[in-house]
Amino acid sequence: MLEPPDADRLYAALLARDPAFDGRAWVGVATTGIFCRLTCPARKPRPENCRWFADPRAAQQAGFRPCRRCDPLAGAADGTPDAAAGGQGLARRLMAMIRADPSRRWSEADLAGLGLDPSTVRRAFRRQFGQSFLQMARGERLRESLRTLSGDRDLIEAQLDAGFDSASGFRAAFARLFGHPPHLMRGPADLAADWIDTPLGGMIAIADDAALHLLEFTDRKALPEGLRRLSALCGGRIGLGRRAVTDQLETQLDAFFAGRQPRFSVPLRLHGTGFQRRVWQQLQTIPAGQTRSYAGLAAEIGQPSATRAVARANATNRLALVVPCHRVIGADGSLTGYAGGLWRKRRLIEAERAYAG
C-alpha cells in the first residue's frame, strides 16, 4: 500500500512546498533541465513540464542538473547511495543496525564515529518516520524491555537487557509510556499490553480475552494519559503479554498495510460516553479510500450542530486505525490535526486510495 504518491499529489505538494515530501520525491523541470526539492522556493513549473523522481541519482541519470537554490544534493557530498537517495537509504541502514542490537544505547557521538553528521541523520529520520534516530532507538530499547518483562525475568536483569544504565532511568522511561512503573505490570492481570510493529512505527495494543481496548502509536504524546485512564477503568489490572485478540489484530494490520484487507473485524471495547461511542462507531463505517469532514460526520449521526463535539470525540479516540479517525479532514479538504502525526495521516490517506481504486 505505501507506494509513492501519484503525479497530481506530488504537484500539489510542490505548489504548497510541503515539507512532508522533502526527501521523498524530487522534481525535474523539462524546460530548464534542472531538478529540485519539492520545497524549493523557485518559480513553479507547469505540471506538464514536471518529471518526478524517487531520488537525486535518478534525476541526474535522466540528464537533469541540481538546482542551486534548494540544493537537492545536500547531504550527498560523499556520493554514497544512501545519501543520493535523500536519506531514505541512510534511515533504512541505521534502522537495521538498531534492530540488530535493540539494547544498544545510541548517542550522537556513535553516529559521528560512523562518519555521519547527526543533524543529517536527524532530518532523514524525521522525514521518513516522523521522529529522530535517538527516539527510534529508545523506543526499540523499551520494546525489548516489554519482551523481557512479559516473562519471569528479574527486573534488574530486564533493565540491563534493555540497555538502561540505572533502575531510575528504566522506571522513568517505562512510566512515561505506561503512566506507572514496571513492577505494577507484573503478575495476574485482566488486560495485556504488547508491542506491534507497523510500517508507520511501533504501536501499543492492550486487549483482554474478548476485545481490543487500546491501540496507539508509541510516540503519541497522550499515550501515557490514555493508559492511565484505561488502568483506572479496569482497576489497574494491566499486565504485559498477549491475548488471542492481539494476534488477530496483528494479522489484520499486516493485511491492511499489504493492501489485502480494508476493514478490521477484531472485536473492540469502546471506552467513552454514549456520544463518543456513536461518533467512533460512525467512523468505522467510512470506507477505506474515502474521507469525511467533521460537519459531515456530525450530520451522519443526526446532530449537525455538534461539529465541535464530534471533533473532540475524534481527538479522544484510543483505537487508532481500527477506528479510522484519520479519515476525517477539514471542510476545505485540508489535513487537520491527527494525534499520530500529520505525516502518518497523509500517508494513510494516500495509501488507502488503492482500496478506493
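The values are calculated or read from the model by the stated rules, or taken from the named source; none is laboratory data. Computed from a prediction, not measured in an experiment: that's the story for all the values here. Neighbour counts are summed over all protein chains in view; Cβ atoms, including those assigned to glycine, are modelled from backbone coordinates with ideal geometry.
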**Asked** Hey, among the residues in region 218-268 that are of a type in the set (D, E) and closer than 29 Å to L342 by Cβ, which one's surrounded by the most Cβ atoms within 10 Å (Cβ to Cβ)?
**Response** D219
**Request:** Among the residues of region 225-270, count how many are in contact with a helix residue (DSSP H, G or I) (Cβ under 6 Å, 6 or more places away or on another chain) and more than 19 Å from E352 (Cβ to Cβ).
**Result:** 5
**Item:** Which listed residue is in contact with a strand residue (DSSP E or B) (Cβ under 7 Å, 6 or more places away or on another chain) and touching a residue at least 60 places away in the same chain (Cβ under 8 Å), from G259, G241
**Value:** G241
**Message:** Condition check: surrounded by fewer than 16 Cβ atoms within 10 Å (Cβ to Cβ), closer than 20 Å to L253 by Cβ and either in the same structural domain as F133 (by TED's automatic domain parsing) or in contact with a strand residue (DSSP E or B) (Cβ under 8 Å, 6 or more places away or on another chain) (or both). Does A205 satisfy that?
**Reply:** no
**Request:** Find all pairs meeting these conditions: Cβ atoms under 6 angstrom apart; at least six residues apart or on different chains; first residue within region 52-73 and closer than 20 Å to A12 by Cα; second residue basic (K, R).
**Result:** C70/R37; P72/R37
**Fill in**
Exactly one of Q290, Q282 is in the same structural domain as R346 (by TED's automatic domain parsing), at pLDDT 95 or above and either closer than 21 Å to E350 by Cβ or buried (at least 18 other Cβ atoms within 10 Å of the Cβ) (or both), and that residue is Q282
**Complete:** I329 vs (1) more than 30 Å from D209 (Cα to Cα); (2) out of contact with any strand residue (DSSP E or B) (no Cβ under 9 Å at 6 or more places or on another chain); (3) aliphatic (A, V, I, L, M): all pass except (2)
**Prompt:** Looking at (1) touching a Cys at 6+ places or on another chain (Cβ under 8 Å); (2) over 19 Å from L200 (Cβ atoms), which is the only condition A331 fails?
**Reply:** (1)
**Request:** Could you please give the count of residues in region 74-108 that are modelled with pLDDT under 80, part of a loop (DSSP other than H, G, I, E, B), on the phi < 0 side of the Ramachandran plot and in contact with a helix residue (DSSP H, G or I) (Cβ under 6 Å, 6 or more places away or on another chain)?
**Result:** 3
**Complete:** Q284 fails exactly one of (1) out of contact with any strand residue (DSSP E or B) (no Cβ under 7 Å at 6 or more places or on another chain); (2) farther than 16 Å from H213 by Cα, namely (2)
**Complete:** Considering region 304-357, residues that are polar (S, T, N, Q) and in a helix (DSSP H, G or I), and then whichever is surrounded by the most Cβ atoms within 10 Å (Cβ to Cβ), we arrive at N314
**Lone unmet requirement of (1) closer than 25 Å to D194 by Cα; (2) at pLDDT below 95; (3) out of contact with any Leu (no Cβ under 9 Å at 6 or more places or on another chain) for P304** = (1)
**Message:** Looking at A13, A42 in this structure, which one is crowded, with 21+ Cβ neighbours inside 10 Å and either closer than 29 Å to R344 by Cα or aromatic (F, W, Y) (or both)?
**Reply:** A13
